[in-house]
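K.L.:
Just dropping this structure here.
The values are calculated or read from the model by the stated rules, or taken from the named source; none is laboratory data. Keep in mind it's a predicted model, so treat the numbers as computed, not measured. When we count neighbours, we look across all protein chains shown, and the Cβ atoms used for this are built from the backbone with ideal geometry, even at glycine. Ligands, DNA and RNA are excluded from the accessible area calculation, which covers all protein heavy atoms including side chains. Shrake-Rupley method; radii C 1.70, N 1.55, O 1.52, S 1.80 Å.
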Amino acid sequence: MSEFNIALSPGDGIGPEIVAGAVTVLDAVSKKYGHKFNYTEVYMGGCAIDKYGVPLPQETIDICKKSDSVLLGAVGGPKWDSQPSENRPEKGLLGIRKALELYSNLRPSILKPQLKDASPLKDEKLSNGLNVMVVRELTGGIYFGKRTKGEDWASDEEKYSVEEVKRIGKIAFETAMLRDKRVVSVDKANVLESSRLWRATMEEIAKDYPEVTLSHMYVDNAAMQLAINPAQFDVIVTSNIFGDILSDLSSAIAGSIGMLPSASLGATKCGMYEPIHGSAPDIAGQDIANPIATIVSAAMMLEMSFGLTEEAKAINNAVDKVLNENYRTCDIMSEGMIKTGCKKMAQLIAENI
Ligand code: IPM
Ligand code: MN
């Protein structure tokens, strides 16, 4: 038996519902495999503003740092739109990424055959499937660059050091070694100086991975290529902002943003795991959100931070089983399927562990 300390950060909007769903499934895993998961709930985002006046209380950082991993729901919502920019809910998320030095964000998009109908692409575009891993740099670039505001202007700085690009590049190549050994580095090197540094640094790293094929794509073209021929990609490595945008696109192609997990990792085994979607305040509290992205994020946590490969597989298999039995939340609903709420979906997956 192993014991793990998990910080739970349900956050805002649908966050509490989907995290509860993931806990239902984790509890089933602990029962079946005899592990002990100790949960500590923390406040981050809008809920932390309501309770503490700030989106990321020190207590939250301390608990997360002491935990083996963090499982996060989502943050943000219109309720906090009038907050000053330095006190927005999103600042909590960015702050914890920085505090835990989670510089590498892995966002897999896989088209499940059961969800072909939920993809906005025509069948012919999907005939070769989709299985891409977006490796997004997470603690640098324009998200953390200098912000300046004048009377009638504002600016945000996109800045990368060679060191920052190197460490994310290494993760991308290591990831590719475990997959199809192809890396596409996405940038805007025809315009941006930071992208030219990015590209040159990727070329340097590639020398250490002779088995991996590296190619480069401008971000505008990459968006188009994802839409017209998604099967061509194996690993995409890109900056914070481009990765944010392209991972939403690749997730939509996979059927729904409600399906896709992510892992944010740094130098240590303690990672943060979260669905790539947001807090969806318009459907919060209605028990209709899709908990699968958070549930499979928990599976990534078991595998990547705890080394529980078999247990992670059990979760993914259970998700497939429930989808095969035609249960669908409304975001992935199609004709003839059984409409299923958030709680029920999580219970069904838990029962199949
Ligand atoms: C994401 C989200 C966040 C981001 C927001 C909520 C700050 O969109 O995780 O993709 O832009 O990184
Ligand atoms: Mn995003």
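K.L.:
Quick one: in the stretch 98-135, of everything that is farther than 30 Å from P55 by Cα and among the acidic types (D, E), which residue is modelled with the lowest pLDDT?
P.N.:
The qualifying residue modelled with the lowest pLDDT is D117.
K.L.:
Just a yes or no: is a residue in the stretch 167-174 open to solvent by 80 Å² or more (accessible area, probe 1.4 Å), at pLDDT 95 or above and either in contact with an Asp or Glu (Cβ under 7 Å, 6 or more places away or on another chain) or more than 29 Å from L260 (Cβ to Cβ) (or both)?
P.N.:
Looking through the stretch 167-174, none of the residues is open to solvent by 80 Å² or more (accessible area, probe 1.4 Å), at pLDDT 95 or above and either in contact with an Asp or Glu (Cβ under 7 Å, 6 or more places away or on another chain) or more than 29 Å from L260 (Cβ to Cβ) (or both).
K.L.:
Please state which one of G278, G285, G258 is surrounded by fewer than 18 Cβ atoms within 10 Å (Cβ to Cβ) and closer than 20 Å to R328 by Cα.
P.N.:
One residue alone meets the criteria, G285.
K.L.:
Inside the stretch 123-163, can you point out the residues that are over 30 Å from K112 (Cα atoms), of a type in the set (D, E) and not in a loop (DSSP other than H, G, I, E, B)?
P.N.:
D156, E163
K.L.:
Of everything in the stretch 52-71, what is surrounded by 13 or more Cβ atoms within 10 Å (Cβ to Cβ), farther than 16 Å from E17 by Cα and touching a strand residue (DSSP E or B) at 6+ places or on another chain (Cβ under 8 Å)? Give them in sequence order.
P.N.:
Hits for the stretch 52-71 are T60, I63, C64, S67, D68, S69, V70.
K.L.:
Just to be sure before I move on: is L93 outside any strand (DSSP E or B) and closer than 20 Å to I257 by Cα in the structure I sent?
P.N.:
yes
K.L.:
Related question: May I ask you to say which residue of K32, K65 is charged (D, E, K, R), touching a Cys at 6+ places or on another chain (Cβ under 9 Å) and farther than 29 Å from V132 by Cβ?
P.N.:
K65
K.L.:
Find the residue count for the stretch 267-292, including only residues that are more than 13 Å from ligand 2 (Cβ to nearest atom) and either of a type in the set (S, T, N, Q) or modelled with pLDDT of 95 or more (or both).
P.N.:
16
K.L.:
Still on this structure, please answer the following. Filter the stretch 92-123 for residues that are within 15 Å of ligand 2 (Cβ to nearest atom), over 20 Å from E163 (Cα atoms) and among the charged types (D, E, K, R) and give the result.
P.N.:
Answer for the stretch 92-123, where residues must be within 15 Å of ligand 2 (Cβ to nearest atom), over 20 Å from E163 (Cα atoms) and among the charged types (D, E, K, R): just R107.
K.L.:
Just give me the residues in the stretch 146-166 being open to solvent by less than 70 Å² (accessible area, probe 1.4 Å) and more than 21 Å from S185 (Cα to Cα), in sequence order.
P.N.:
T148, G150, S155
K.L.:
Taking into account only those residues within the stretch 1-51 that are among the hydrophobic types (A, V, I, L, M, F, W, C), part of a loop (DSSP other than H, G, I, E, B) and free of Cβ contacts under 8 Å to residues at least 60 places away in the same chain, which is surrounded by the most Cβ atoms within 10 Å (Cβ to Cβ)?
P.N.:
Applying the filter and picking the extreme gives M44.
K.L.:
State whether the residues of the stretch 186-193 include one that is surrounded by fewer than 23 Cβ atoms within 10 Å (Cβ to Cβ) and touching a helix residue (DSSP H, G or I) at 6+ places or on another chain (Cβ under 8 Å).
P.N.:
Checked the stretch 186-193: at least one residue is surrounded by fewer than 23 Cβ atoms within 10 Å (Cβ to Cβ) and touching a helix residue (DSSP H, G or I) at 6+ places or on another chain (Cβ under 8 Å).
K.L.:
Just to be sure I understand the filter: pairs with C-beta atoms under 7 Å, separated by 6 or more residues or on different chains, first member in the stretch 67-93 and touching a residue at least 12 places away in the same chain (Cβ under 8 Å), second member hydroxyl-bearing (S, T, Y) and outside any strand (DSSP E or B). Which pairs pass?
P.N.:
Pairs found: D68/S305; S69/S305; L71/S297; G73/T294; A74/S279; V75/S279; G76/S279; G77/S279.
K.L.:
Follow-up question, since we're still on this one. Considering each of S109, S104, S85 in turn, give the residue that is open to solvent by 70 Å² or more (accessible area, probe 1.4 Å), within 16 Å of ligand 1 (Cβ to nearest atom) and among the hydroxyl-bearing types (S, T, Y).
P.N.:
From the options S109, S104, S85, the qualifying one is S85.
K.L.:
Still on this structure: So which residues in the stretch 37-67 are farther than 18 Å from Y273 by Cβ and among the polar types (S, T, N, Q)?
P.N.:
Of everything in the stretch 37-67, just one residue is farther than 18 Å from Y273 by Cβ and among the polar types (S, T, N, Q), namely Q58.
K.L.:
Is it fair to say V162 is away from ligand 1 (no atom under 16 Å from the Cβ), of a type in the set (A, V, I, L, M, F, W, C) and within 22 Å of the chain's Cα centre (by Cα)?
P.N.:
In short, no.
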